[in-house]
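The values are calculated or read from the model by the stated rules, or taken from the named source; none is laboratory data. Please read these numbers as outputs of a predicted model, since none were measured by experiment. Virtual Cβ from ideal backbone geometry, glycine too; neighbours counted across all protein chains shown.
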Amino acid sequence: MALLAVEGLAKRFDGFFALRGVDLAVEEEELLAVIGPNGAGKTTLLNLIGGELSPTEGQITFRGRRIERLPVYKRVRLGIARTFQIANFFPALSVNENLRAALRRGRLGLRWGRGVAERVEEVLKLVGLEKKQDTKAAELSHGEQRLLELGLALSLEPKLLLLDEPTAGLSLAEREHLVELIRGLGGMGIILIEHDIGTVLELAARIIVLHRGRVLAAGPPAEIKGDEQVQGIYLGRSDAEA
């Protein structure tokens, strides 16, 4: 049984289908990348899986349970966490305080038989923000804010992690650091939407290409890279967005 299964997923906005007939599955500890031109429906897909949107059609099954009508907080408790294109944290709170708030908001702080402080310390070490734990989030660099947001998601020990363009706006060194961090994550499935195709080819076990709200192609990185249709609508266009 797949960790996540999406079947016939569709989302309509005022008569326009942003997604239509999307099928996909994510296995335990698999990293699946979703790419496609700007407006292909990638973030809409994550919003449907994460619960920010409800589907017009189709179903979403997570660990054998239908979840497409569950609110966000219940999906979080089941083990789904995510990051956003625009950083989502409390800017006036310190890094440490943000992590504590995430754990308490998710009511997951004592799930593991240890305290919130211990879990916060683990996450700070994981994302490399130990020395910044008392710094207000608003005072972090852009790259550090990306690490904080990833830490907020990881603090909940998800079974499925949704990453929406995590390297956007990062320097080369910051991107390399984040790629290595993501590569080292274990114990979870990951769906990655990413602007940088090099990052996708480095990390993904499989790639799904969305185009005009539908799945155009799916397969391993080498297969997708060599697909003529994909090259035509995405890889060959410098103005396209992953």
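Numerical summary
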item: Matching residues in segment 161-184 - criterion: being in contact with a Leu (Cβ under 8 Å, 6 or more places away or on another chain), of a type outside the set (D, E) and not in a helix (DSSP H, G or I); result: L161, L162, L163, P166, T167, L170
item: Answer from I197, I224, I208 - the residue that is in the same structural domain as E28 (by TED's automatic domain parsing), closer than 29 Å to H177 by Cβ and surrounded by fewer than 21 Cβ atoms within 10 Å (Cβ to Cβ); result: I197
item: Scope segment 150-170; condition in contact with a helix residue (DSSP H, G or I) (Cβ under 7 Å, 6 or more places away or on another chain) and not hydrophobic (A, V, I, L, M, F, W, C); matching residues; result: G151, S155, D164, P166, T167, G169
item: Any strands (runs of 3 or more DSSP E) falling wholly within segment 15-97 and containing at least 2 residues that are over 23 Å from G186 (Cβ atoms) and not small (G, A, S); result: 16-26, 57-62
item: G187 in the same structural domain as A40 (by TED's automatic domain parsing), surrounded by fewer than 16 Cβ atoms within 10 Å (Cβ to Cβ), under 28 Å from L9 (Cα atoms) and at pLDDT below 95; result: yes
item: The lone exception for M1 - which of (1) under 18 Å from the mean Cα position of the chain (by Cα); (2) in a loop (DSSP other than H, G, I, E, B) it fails; result: (1)
item: Residue among E144, E202 that is surrounded by 15 or more Cβ atoms within 10 Å (Cβ to Cβ) and either more than 20 Å from E27 (Cβ to Cβ) or assigned by TED's automatic domain parsing to the domain that holds L124 (or both); result: E144
item: Residue within segment 1-15 that is aliphatic (A, V, I, L, M), surrounded by 21 or more Cβ atoms within 10 Å (Cβ to Cβ) and under 27 Å from G232 (Cα atoms) present; result: yes
item: Residue under evaluation A10, criteria (1) out of contact with any Ser or Thr (no Cβ under 7 Å at 6 or more places or on another chain); (2) assigned to a strand (DSSP E or B), criterion not met; result: (1)
item: In segment 107-132, residue modelled with the lowest pLDDT [restricted to those that are part of a loop (DSSP other than H, G, I, E, B) and buried (at least 17 other Cβ atoms within 10 Å of the Cβ)]; result: G109
item: Criterion (more than 18 Å from the chain's Cα centre (by Cα) and of a type in the set (K, R)) met by exactly one of R82, R77, R63, R100; result: R100
item: Filter pass, I207 being at pLDDT 90 or above and either in contact with an Asp or Glu (Cβ under 9 Å, 6 or more places away or on another chain) or within 22 Å of E30 (Cα to Cα) (or both); result: yes
item: Close pairs from segment 177-188: first within 12 Å of G143 (Cβ to Cβ) and in contact (Cβ under 8 Å) with a residue 24 or more places away in the chain, partner of a type in the set (A, V, I, L, M, F, W, C) and surrounded by 11 or more Cβ atoms within 10 Å (Cβ to Cβ), Cβ under 7 Å, at least 6 apart; result: L178/L170; L181/V127
item: Residues of segment 192-218 that turn out to be part of a strand (DSSP E or B) and out of contact with any Phe, Trp or Tyr (no Cβ under 7 Å at 6 or more places or on another chain), as a count; result: 12
item: Those residues of segment 17-62 which are among the small types (G, A, S), crowded, with 22+ Cβ neighbours inside 10 Å and under 19 Å from P221 (Cβ atoms), in sequence order; result: A33, G36, A40
